[in-house]
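Enquirer: The structure's right below; bear with me while I get my questions together.
The values are calculated or read from the model by the stated rules, or taken from the named source; none is laboratory data. Not measured: the values here are computed from a predicted model. Ideal geometry is used to build each Cβ from the backbone, glycine not excepted, and the neighbour counts take in all protein chains shown.
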Amino acid sequence: MPAAVADQRFFREVLRVLVHVAFADGHVSVEESFGILETARARGLPAEEIAALEAALAGKAPLPELDLPYLAEHRARVLEVARLFAEGDGLVGAEVRALERLNRLLSP
């Protein structure tokens, strides 16, 4: 798989994780939503994928499914990005628990 395609897949999957982390505290802030959607646009995700992320962030669609086997292959990077994202909003108990759950899901 070419590096650009691999990077695209990684960012697509990580953005899906970030939607879950954003919802961990029961509220998606404008900043969280903006950050996820702007990153999706900057990374060149197709319009339909961006629309699906936007609908999920607005609570108008289910949270995106996660490709756990793929994410587990990139566990350290995924957890680091998710932690940095959660810290940007100020870690609250729900986000800490979401990160712990994600760690468990991705652990061998």
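Enquirer: Please determine whether any residue of the range 93-100 is in a helix (DSSP H, G or I), under 23 Å from D7 (Cα atoms) and either in contact with a Cys (Cβ under 9 Å, 6 or more places away or on another chain) or of a type in the set (D, E, K, R) (or both). Can you show your working first?
Expert: So in the range 93-100, the residues in a helix (DSSP H, G or I) come out as 93-100.
Retained after the next criterion (residues that are under 23 Å from D7 (Cα atoms)): 99.
Next cut, either in contact with a Cys (Cβ under 9 Å, 6 or more places away or on another chain) or of a type in the set (D, E, K, R) (or both) only: none.
Within the range 93-100 (the criterion being in a helix (DSSP H, G or I), under 23 Å from D7 (Cα atoms) and either in contact with a Cys (Cβ under 9 Å, 6 or more places away or on another chain) or of a type in the set (D, E, K, R) (or both)), the answer is no, since none of the residues qualifies.
Enquirer: Just one of A52, A56 is without any contact (Cβ under 8 Å) to a residue 40 or more places away in the chain, small (G, A, S) and within 18 Å of Q8 (Cα to Cα); which is it?
Expert: Of the residues listed, the single one that is without any contact (Cβ under 8 Å) to a residue 40 or more places away in the chain, small (G, A, S) and within 18 Å of Q8 (Cα to Cα) is A52.
Enquirer: Could you tell me which residue of the range 67-92 is surrounded by the fewest Cβ atoms within 10 Å (Cβ to Cβ), considering only residues that are at pLDDT below 95 and not in a helix (DSSP H, G or I)?
Expert: G90
Enquirer: Moving to a separate point now. Pick out the one residue from E54, E95, E38 that is charged (D, E, K, R) and loosely packed, with under 12 Cβ neighbours inside 10 Å. Please lay out each step first, then the result.
Expert: Working: E54 fails: loosely packed, with under 12 Cβ neighbours inside 10 Å; E95 fails: loosely packed, with under 12 Cβ neighbours inside 10 Å.
Testing whether each residue is charged (D, E, K, R) and loosely packed, with under 12 Cβ neighbours inside 10 Å leaves just E38.
Enquirer: With respect to R12, is the statement that it is crowded, with 18+ Cβ neighbours inside 10 Å, part of a helix (DSSP H, G or I), without any contact (Cβ under 8 Å) to a residue 60 or more places away in the chain and of a type in the set (D, E, K, R) true? Break it down into steps so the answer makes sense when it comes.
Expert: Numbers: crowded, with 18+ Cβ neighbours inside 10 Å: yes; part of a helix (DSSP H, G or I): yes; without any contact (Cβ under 8 Å) to a residue 60 or more places away in the chain: yes; of a type in the set (D, E, K, R): yes.
So R12 passes the test.
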